[in-house]
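Undergrad: My questions all concern the structure below.
The values are calculated or read from the model by the stated rules, or taken from the named source; none is laboratory data. On a predicted model such as this, the values are computed, not experimentally measured, just so you know. Ideal geometry is used to build each Cβ from the backbone, glycine not excepted, and the neighbour counts take in all protein chains shown. Protein only, heavy atoms only, side chains kept; ligands, DNA and RNA dropped before computing areas. Shrake-Rupley method; radii C 1.70, N 1.55, O 1.52, S 1.80 Å.
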Amino acid sequence: IRGASTPAVSGDRIFLTGTENGQNVVLCVGRDGKQLWSKTLGSSIDGKPGKDGTGANPSAATDGKFVFGYFKSGDFGCFTVDGEQKWHHNLQKLYGEDTLWWDLGTSPVLTSDAVVIACMHSGPSYLAAFAKESGELKWKQDRNLGAPEEAAQSYATPVVVTENGKQTIVVLGADHVTAHAADDGHELWRLSGMNPNNDKYFRSIASAAVADGIVVAPYSRGGTLTAIRMGGQGDISKSHVIWSNEGTSGDVPTPAICNGRVYVCRDGGENRGMVDCLDLQTGKSIWSGQLKKNRHTFRSSPVVADGRVYLTRQDGTVFVVDAQADSFKVLAENTIADEHTTATPVFVDGKILLRTDTHLYLIGG
């Protein structure tokens, strides 16, 4: 099946979304590579022309009991991990057509009792939470922030954060970062001013990353990276911005945060393949280095595992960089297969799952 989504894993089961023969598909594969089940979820819509475009860019989400799939067609549904369909909605039929200029990218995220979708486009935008097992709408919160034209559109995935026993949903897009209470969706705080010149084309693709009470938000098509202290009420743009950098940001790859360091993969123009390691508290550079130049860029997000940063290029080449060093050190460069790769690798039990345009690989010692 064709799709650009990152695998989701629970136990020995791997879940993928894709399209095949005009249908949206949720697929379950065992760790041995054998297909356990495949289910359809409505008619698919093809991606825009180009290798990155598919009708199945959003990744599946699973809590170990249920698995949730979301597709460009608006089809959104739930199966048990054994493949029994629990419910199926089409969000575009319920709440309005998709007006994104490119392919749907945001993935569903899970709170303790719901599955949440963020829809941010030119038109009525919202967050909606559905009961995991029944699919019943628990709440729907409008998120219309007045961003101009394409800047109102976001392909980013929200982040669910637990603080003081309460869950908060952090959302990046439409020239703002907003935080919402997971129990009813109401806005807790917002950060404005991410598009001071009202640029019409500042759509956002990379998602925010959150650690140690700090939100790191890439914006401006890879032009800015802003660190925000969580908390407060109303517009916190003048009180909670810790630092903001120009240049050390990516347009498509989401930053990774580990042990007080932020890892960024730049993907635009001559800077594609530049990797930055920043101090989370100050934004200052710890090191910066250039991966081997190539006509391909990076769409996958960096992943930190076992003291290393893994960066996956579009042609399937994976670079391994020392995450703990005080200077830029490339430890390895491997090409498993020369196949177009958009999905981010997944690390589980000392092994690596890598999904390309045509295959799923399990890599291990």
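Undergrad: For segment 228-274, name all the residues that are in contact (Cβ under 8 Å) with a residue 24 or more places away in the chain and closer than 15 Å to residue 189 by Cα.
TA: If the condition is that a residue be in contact (Cβ under 8 Å) with a residue 24 or more places away in the chain and closer than 15 Å to residue 189 by Cα, then 228, 230, 231, 232, 233, 234, 235, 236, 237, 240, 241 are the ones that fit.
Undergrad: Sticking with this structure for a sec: Could you check segment 162-177 and list, in sequence order, the residues that are open to solvent by less than 20 Å² (accessible area, probe 1.4 Å) and either among the small types (Gly, Ala, Ser) or within 15 Å of residue 229 (Cβ to Cβ) (or both)?
TA: Within segment 162-177, 168, 170, 173, 174, 177 qualify.
Undergrad: Please state which of the following conditions residue 214 fails to meet, knowing it meets all the rest: (1) without any contact (Cβ under 8 Å) to a residue 60 or more places away in the chain; (2) open to solvent by less than 40 Å² (accessible area, probe 1.4 Å).
TA: Of (1) without any contact (Cβ under 8 Å) to a residue 60 or more places away in the chain; (2) open to solvent by less than 40 Å² (accessible area, probe 1.4 Å), only one is false for residue 214: (1).
Undergrad: Exactly one condition in (1) of a type in the set (S, T, N, Q); (2) open to solvent by less than 40 Å² (accessible area, probe 1.4 Å); (3) closer than 21 Å to residue 123 by Cα is not met by residue 59; state its number.
TA: In the conditions (1) of a type in the set (S, T, N, Q); (2) open to solvent by less than 40 Å² (accessible area, probe 1.4 Å); (3) closer than 21 Å to residue 123 by Cα, residue 59 misses (3) alone.
Undergrad: Which one is farthest from the chain's Cα centre (by Cα) among residues in segment 100-143 that are basic (Lys, Arg) and within 27 Å of residue 84 (Cβ to Cβ)? Before you say what the answer is, go through the steps one by one.
TA: Here is the first cut: in segment 100-143, the ones basic (Lys, Arg) are 132, 138, 140, 143.
Filter once more, so that each one left must be within 27 Å of residue 84 (Cβ to Cβ): 132, 138, 140.
Details: 132: 20, 138: 23, 140: 21 Å.
It comes out as 138.
Undergrad: If you don't mind, another one. Taking into account only those residues within segment 18-45 that are part of a loop (DSSP other than H, G, I, E, B) and among the small types (Gly, Ala, Ser), which is most open to solvent (accessible area, probe 1.4 Å)?
TA: Residues of segment 18-45 that are part of a loop (DSSP other than H, G, I, E, B), as a first pass: 21-22, 31-34, 44-45.
Okay, now just the ones that are also among the small types (Gly, Ala, Ser), so 22, 33, 44.
On the way: 22: 40, 33: 57, 44: 29 Å².
Only one residue fits best here, namely 33.
Undergrad: Name every residue in segment 96-142 that is open to solvent by 50 Å² or more (accessible area, probe 1.4 Å), part of a strand (DSSP E or B) and of a type in the set (A, V, I, L, M, F, W, C), in order of residue number.
TA: 137
Undergrad: If you go through segment 46-72, how many residues are within 15 Å of residue 5 (Cβ to Cβ) and either of a type in the set (A, V, I, L, M, F, W, C) or in a strand (DSSP E or B) (or both)?
TA: 9
Undergrad: Of all residues in segment 51-64, how many are farther than 16 Å from residue 300 by Cα and at pLDDT below 90?
TA: Looking only at that region, the number is 0.
Undergrad: Let me confirm something: among 48, 93, 65, 86, which residue is under 26 Å from residue 251 (Cβ atoms) and surrounded by fewer than 21 Cβ atoms within 10 Å (Cβ to Cβ)?
TA: Selected residue: 48, the only one of 48, 93, 65, 86 that is under 26 Å from residue 251 (Cβ atoms) and surrounded by fewer than 21 Cβ atoms within 10 Å (Cβ to Cβ).
Undergrad: Please give the strands (runs of 3 or more DSSP E) falling wholly within segment 218-329 in which 1 or more residues are among the hydrophobic types (A, V, I, L, M, F, W, C), within 21 Å of residue 354 (Cα to Cα) and open to solvent by 60 Å² or more (accessible area, probe 1.4 Å).
TA: none
Undergrad: Which condition number does residue 151 fail, the rest of (1) modelled with pLDDT of 95 or more; (2) touching a strand residue (DSSP E or B) at 6+ places or on another chain (Cβ under 8 Å) being met?
TA: (2)
Undergrad: When segment 180-205 is examined, which residues are found to be surrounded by fewer than 23 Cβ atoms within 10 Å (Cβ to Cβ) and part of a strand (DSSP E or B)?
TA: Once the filter is applied, which keeps residues that are surrounded by fewer than 23 Cβ atoms within 10 Å (Cβ to Cβ) and part of a strand (DSSP E or B), segment 180-205 yields 181, 187, 188, 189, 190.
Undergrad: What do you reckon, is residue 357 open to solvent by 60 Å² or more (accessible area, probe 1.4 Å), of a type outside the set (Phe, Trp, Tyr) and part of a loop (DSSP other than H, G, I, E, B)?
TA: no
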